[in-house]
Every structure is written in structure tokens, then in C-alpha cells.
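What follows is a single structure, written as C-alpha cells, with notes after it.
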Amino acid sequence: MREVSPIGITWLHERFDSGTVVLVQLCRCTLVQADGTDGNCVTFVLHDEDHTLGNSLRYMIMKNSEVEFCGYSITHPSESKINFRIQTRGGLLAIEPFRRGLTELVDVCQHVLSKFEEKVSRTFFSNGSSPPTSSGCPLQPQLPLFLAH
């Protein structure tokens, strides 16, 4: 097994820069690849994350028919680190469904947030009061540390 250096993570940052998803803290995601593999079987180590991101991202990635296996494990209950493994069919690199899964997950979260805010606004306006601002809303969602929009 070899761990990709921060230079490799910089490459990931450039590949993910689609206007929606970028790696903000480069040290929060590490790519680990077995020696002799061609990039279709990769483990991503996501730091400071838990089952919330792990299970959601696994679901989004498994919707891709090119993905043969996708799973994750929490290394230890006292550590907030996920080992996230993807294996693809054919010549598809594992980074592609990872990127697509993150992008689709952010899109779903944005949709849920917009529907929630729309409903809150309608409820407050129908009662004659003004809705709280996003900074005053205790339910403002937090994106994972390495995602920004």
C-alpha cells in the first residue's frame, strides 16, 4: 500500500474544482492505493468525519452501475476517521465515482436545504412574522470540513 503525498491531494483538488465541490483542507482526505493496482481500487481516508457522511456518500456512489464495490469503516470509535473504499469495473478510475458521489450529495443537500428554507419562509410569512436569518437559525446544516460550495 502506498499513501499519496499531499502533492497527489493537490491533484485531487484540481480534479474536483467543478464550481460546486472543491477540497478546502487538503490534508483532510488522503488517497491510499495498493501497489500494482491501476487506480480502479482505491481507499480514501476521510479525516474528521463519521457515519453521517460515510453512509450517505456510500449510497450515492453505489447508484453508479460502474462501481463494483463501495464500503467504508470507522477505524476506531475514539477516532473520527473513515476508510472509504471504492472498486470500479473496466477502466474507470475510482476517483471519478468518488467525485461524482460528492457532487451529487452536495446537490441533494442543497435541494433539501432550499425546500426547508422555503417551507420555513412560507410558515413565517403566513403568520405575519418575519423568518429568522440563516445566521440565527440553529438548524443551519454544516457541510463536511473538506467540502465547500
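The values are calculated or read from the model by the stated rules, or taken from the named source; none is laboratory data. Note that the structure is a prediction, hence the values are computed from the model and not measured. With ideal geometry, Cβ positions are generated from the backbone for all residues, glycine too; neighbour counts draw on all protein chains shown.
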First in region 104-126 and in contact (Cβ under 8 Å) with a residue 60 or more places away in the chain, second anywhere and surrounded by 14 or more Cβ atoms within 10 Å (Cβ to Cβ) and among the hydroxyl-bearing types (Ser, Thr, Tyr), Cβ under 7 Å, 6 or more apart: VAL106/THR20
What tally of residues in region 49-95 results from selecting those that are aromatic (Phe, Trp, Tyr), farther than 15 Å from LEU31 by Cα and within 15 Å of the chain's Cα centre (by Cα)? 1
Filter region 87-106 for residues that are crowded, with 18+ Cβ neighbours inside 10 Å and small (Gly, Ala, Ser); which is farthest from MET60 (Cα to Cα)? ALA94
Only one of these conditions is not met by VAL42: (1) under 15 Å from the mean Cα position of the chain (by Cα); (2) buried (at least 20 other Cβ atoms within 10 Å of the Cβ); (3) not charged (D, E, K, R); (4) not in a helix (DSSP H, G or I). Which number is it? (1)
Assuming CYS109 fulfils every condition listed in (1) surrounded by fewer than 15 Cβ atoms within 10 Å (Cβ to Cβ); (2) farther than 24 Å from GLN33 by Cβ; (3) at pLDDT 90 or above; (4) not aliphatic (A, V, I, L, M) apart from one, which condition is it? (1)
Note on region 62-99: residues more than 24 Å from ASP48 (Cβ to Cβ), assigned to a strand (DSSP E or B) and hydrophobic (A, V, I, L, M, F, W, C) are VAL67, PHE69
Whichever residue in region 112-149 is closer than 24 Å to SER80 by Cα and touching a helix residue (DSSP H, G or I) at 6+ places or on another chain (Cβ under 7 Å) and, among such residues, is modelled with the lowest pLDDT: HIS149
